[in-house]
């Protein structure tokens, strides 16, 4: 949701796929630091904010023209997603891949919304979508939706490190923000998850979709409505 890499409205956005990085003490320590931090009130109880240094994750970038096929695939890094100084990279984690064998309808609804406002976001931030599914599966989903702003992480440990995937490959939607210091150091600045408490598991990132907020304006509210990938006419 690229000038070179990701988020410029002047040309269509690419889809990217991440390369798995090896397990190691440094990676395990970073995730441990992330999971041990207390939640803050920066947005709500579902969010955490801390300035942890993160690895320069590797990604694989698909063709800019989504109709041109699945190749070539080129390698880029998290640092390459920053299109200029004093900009943040915002990454939304799509539930698709590994144990999540079906495309998540709710995540898809969120990304439909991001795609619609990508040109506005691009004025201030670099935006991407991360997912664990195979490149060909993600490319097809993007084509079906008309997306031009998807960043995927394929088999990378990125989603596991950011706690949007567990050790068994179960997926969870998450929104994460990264910054880059003048010396090139990459930092994780902020993450929010849908779970707000043991009995509130699905509303922590609702502010990121206009659909819920419009429904909540009405007397009927959202009730038990759930998004679908397609609706009957």
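The values are calculated or read from the model by the stated rules, or taken from the named source; none is laboratory data. Since this is a predicted model, take the numbers as computed values, not measurements. Here the Cβ positions follow ideal geometry from the backbone for every residue, glycine too, while neighbour counts run over all protein chains shown.
Screening 133, 230 for residues that are farther than 27 Å from residue 53 by Cα and either within 12 Å of the chain's Cα centre (by Cα) or at pLDDT below 95 (or both) leaves exactly one candidate, 230. Counting only strands (runs of 3 or more DSSP E) that sit completely within segment 122-197, those holding 2 or more residues that are surrounded by fewer than 23 Cβ atoms within 10 Å (Cβ to Cβ) correspond to 174-180, 186-192.
Among residues of segment 58-72 being part of a loop (DSSP other than H, G, I, E, B) and under 20 Å from the mean Cα position of the chain (by Cα), the one that is surrounded by the most Cβ atoms within 10 Å (Cβ to Cβ) is 62. The residues in segment 73-97 that are part of a loop (DSSP other than H, G, I, E, B), over 12 Å from residue 153 (Cα atoms) and in contact with a helix residue (DSSP H, G or I) (Cβ under 9 Å, 6 or more places away or on another chain) can be counted, and the count is 1.
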